[in-house]
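The values are calculated or read from the model by the stated rules, or taken from the named source; none is laboratory data. What you see is a predicted model, and the numbers here were worked out from it, not measured in a lab. For neighbour counting, all protein chains shown are included, and Cβ atoms are generated from backbone atoms with ideal geometry for every residue, glycine included. Accessible surface areas use protein heavy atoms only, side chains included; no ligands, DNA or RNA. Shrake-Rupley method; radii C 1.70, N 1.55, O 1.52, S 1.80 Å.
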Amino acid sequence: MTSEVPTLGAAPQSLRGAWMALAGLSAVFLFEMLDNSILNVALPTIGRDLNASTSSLQWVTNSYAVVLGGLMLAFGALADRFGRRRIMLIGLALLGLASLATAFVTTTEQLIAVRAVMGVAAAMTTPGSMALAFRLYTGDDLRVRATTLISTVGLVGLAIGPTLGGFVLTVAPWQALLLVNVPIAVLALIGVRAGIAADTEAELHRDPVDVAGAGLATAAIVFALVAPTLFVEKGAGSGWPWASAVAALAGAAGFVVRERSARFPLLDLRLVALPLVSSGLAFKAAAGLATAGLSYLVTLQLQLQWGWSPAHAAVGLLPQVVVLIAGGALVRPFVEWAGLERAAWISSAAVVSGLAVYAVLGSLAYVWIALALVLVAAGLRVVGVVAAVNVMRGLPQNRTTIGAALVDTATQVTSGVGVAISGTFLAALFTGAIADPDWSAHQSGQFQHAVTIAALTLTALAAVLVGWGFARGRRAAETVSP
């Protein structure tokens, strides 16, 4: 189903031919990857500094993911109508301002609000980055190379984020970790503005925006992520968590009904049903779920249960750093050997395997945590490129922006779910304040029990997604076979 797509001017014949655009788009992806990874290592410090509860710490990371996941489709649709470059530049300016506001945060509620605004900015920038990168080139080889370059920059940020954050925390307050987004936003703004031409009228369309569809999608995601926390805080006997769960299901059902009946739907559900598209989305969702959950749990385990300092914990995450950085050289040869579809499911299976190793053996010794980090990082290194390219290949040529929004929505929503599941089990099974420095043996046992159950749950969910993706990928291969 591969087809030529319209490009912004003459299609460059090499990566160097679009270096300014790639630099700006790489900076956008760097923010997306660096932000949560560098924040995770600071969660214990933030908890002590702001006297935050477990649920509050969960929402420090989840507020960003909820807003981003809920608004990404809407901003993807707006970008197709009003200009991808224009929406991205506005989002980058908002990102810089929101990051500056971190310097003035004094309460958990203020930090959650700032994170939510940063989620709005990310929703404006993330879908356009993949769509514009895909449209820079007309051949799959250059598309894979460009996407690999952009993802390499972002994954380097994901890799060095915890390490960098751990060392920064030894000499500076935690607010410094979020202020690093300011120069990244400036670099991205310069690169996008100078390297990418403004969209022309021929590249846009003026169909009415499906406001009702956007509202239903956002509501469904928000209520789905709020419900687990309410079950812990209010208990199953309260009506609030059940109301949130029902609202999530109602929002999802309403969204499906709306999109099937709307003359100009926010998302044409027939696109999601395309085998290559649904396969790629399943692989990306599994990777997002596993990566976010593992990062959250390992960071808390090393610092809170094992008593490692932030710097020591940062060193403990180095296996992930090495694989994410060094693995970039292996992506292209591996994809050429395995093919795009096969490479996607093999790498996704590696992510699930790493999470399973952590769930079963992570409490025994650090070596098992290191192995889990290596497997997840190796799988993520490949699936981050090939699954996204597969989704874009499977879509009609005039739907690449909404396709990019779908890819990132799947990743961000499942990342939020991964953190929500992990945080919910911890809040439900751990008694006392999790940020307290001195745990009893009973509390340590509670923590490990919660971590094991959370990791096993995430492993099972990720495995189901990978199995579904594999089945859909085989159907896509059968469809194009003679």
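What are the trypsin sites (Lys or Arg not before Pro) within segment 185-289 that DSSP puts in a loop, where the Cβ has at most 15 other Cβ atoms within 10 Å?
Listed in order of number, the matching sites are Arg206, Arg263.
If you take the square roots of the eigenvalues of the alpha-carbon gyration tensor of segment 247-343 and sort them as a ≥ b ≥ c, do you get rounded (a/c under 1.5), prolate (a/b over b/c) or oblate?
oblate
How would the chain be classified by its alpha-carbon gyration tensor: rounded, prolate or oblate, with rounded meaning a/c under 1.5 and the a/b versus b/c comparison settling the rest? All intermediate terms of the calculation are to be shown ahead of the outcome.
Numbers: a/c = 1.44, a/b = 1.39, b/c = 1.03.
Rounded, since a/c falls under 1.5.
Enter the accessible area per residue of the chain (Å², integer; probe 1.4 Å; all protein chains in place). Can you show the working numbers first?
Details: 18380 Å² over 482 residues.
Ligands and nucleic acids excluded, the figure is 38 Å² per residue.
How would you order 437-443, 41-47 from highest to lowest mean count of nearby Cβ atoms within 10 Å?
Per-residue mean Cβ counts within 10 Å order the peptides as 41-47, 437-443.
Largest first, how would Glu32, Glu336 line up by accessible area (1.4 Å probe)?
Putting Glu32, Glu336 in descending order of accessible area: Glu336, Glu32.
Got the relative contact order for the chain handy, in percent, Cα pairs under 8 Å and 6 or more residues apart?
Relative contact order comes out at 25 percent.
Show Glu259, Glu341 ordered by accessible area, largest first, where the area counts protein heavy atoms only and the probe is 1.4 Å.
Ranked list, largest accessible area first: Glu341, Glu259.
Once the other residues with Cβ under 13 Å from the Cβ of Leu39 are scored (Lys, Arg +1; Asp, Glu -1), what is the net sum? Walk me through the numbers before you get to the answer.
Details: positive: Arg115; negative: Glu32, Asp35.
So the environment of Leu39 carries a net charge of -1.
Helix 108-135 versus the longest principal axis of the chain: what is the Cα-based angle in degrees, 0 to 90, to the nearest 10?
That works out to roughly 30 degrees.
Can you give me the angle between helix 275-300 and the longest principal axis of the chain, using Cα atoms only, in degrees from 0 to 90, rounded to the nearest 10?
Rounded to the nearest ten degrees, it is 30.
Quick one: Cα centre-to-centre distance for segment 172-205 and segment 306-354, in angstrom?
Each part's Cα centre sits 27 Å from the other's.
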